[in-house]
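> Attaching a single structure in structure tokens format; questions to follow.
The values are calculated or read from the model by the stated rules, or taken from the named source; none is laboratory data. Every value quoted in this text rests on a predicted model; they were computed, and no experiment measured them. As a convention, Cβ positions derive from the backbone with ideal geometry for all residues, glycine included, and neighbour counts pool all protein chains shown.
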Amino acid sequence: MKKIIIVIGICCMALLTQCEKEKDTKFLITNNSVGQLEKISLIRDLDVIFYQDSIVKDTMKLTSGLGARSIKIYEKGGNHLLTLTPSSDSIPKIQNVRINDPRFKTEQGIGLQSTFKDIKEKYTIQKIVTSINNIVIFVKDSDIYFTIDKSQLPESLRYVSSPNIDAVQVPDNAKIKYLMVGWE
């Protein structure tokens, strides 16, 4: 009888240690979610999704009845978490999410404190698009994209308006300026 109890006890302990704790997704970025916000979330649901946080909408647009152009989500205590851009659909959803808090990380561990080298190691770069002050890095099979300030590039590339910058021209230590998720 003692042997049976010991065996059952050992089996229960083994099962308990093998069971994984549920992942905390409060600051996890995936293709379909950013923390508590999901790709299918509607603008009208933000008060429910972020009931513990503060939501700040563009009041100029709201008073004219046009809807908010941007919506900022602040954590209680003041940390700026996210900036959302709604779609212009009749039932607006989230079109773009700009990550403002460094605690947010992708499933691959990339966040605002990551570098271009981190992006290259974890993602396949699809294309790099240049703008006046930044380069935007789009990665394959993902709605996530990254912006790096041109000041992080070699001097020979900072002031050139060439649309063609190759990944090998971007320094490994270039820091991420913006981390965005675009849902269409």
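> Against the conditions (1) among the small types (Gly, Ala, Ser); (2) outside any loop (DSSP other than H, G, I, E, B); (3) crowded, with 18+ Cβ neighbours inside 10 Å, where does Ser151 fall short? Just the number, please.
Here Ser151 clears every test but (3).
Residues are listed down the side, and each one gets a yes or a no for (1) among the hydroxyl-bearing types (Ser, Thr, Tyr); (2) at positive phi; (3) surrounded by fewer than 18 Cβ atoms within 10 Å (Cβ to Cβ); (4) outside any loop (DSSP other than H, G, I, E, B):
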{"position": "Asp89", "(1), (2), (3), (4)": "no, no, yes, no"}
{"position": "Gly109", "(1), (2), (3), (4)": "no, yes, yes, no"}
{"position": "Ile128", "(1), (2), (3), (4)": "no, no, no, yes"}
{"position": "Val136", "(1), (2), (3), (4)": "no, no, yes, yes"}
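> Hey, another quick one. β-branched (Val, Ile, Thr), farther than 27 Å from Val139 by Cβ and at pLDDT 90 or above, is that true of Val48?
Yes.
> Which residue pairs have Cβ atoms closer than 7 Å, lie 6 or more positions apart in sequence or on different chains, and pair a first residue in the stretch 158-170 that is in a loop (DSSP other than H, G, I, E, B) with a second residue that is at pLDDT below 85?
Matching pairs, first to second residue: Ile165/Leu157.
> Report, by residue number, each residue of the stretch 136-158 that is modelled with pLDDT of 90 or more and among the polar types (S, T, N, Q).
Ser142, Thr147, Ser151, Gln152
> Also: Against the condition modelled with pLDDT under 90 and either under 13 Å from Val181 (Cβ atoms) or not small (Gly, Ala, Ser) (or both), how does Tyr74 come out, does it pass?
Answer is no for this residue.
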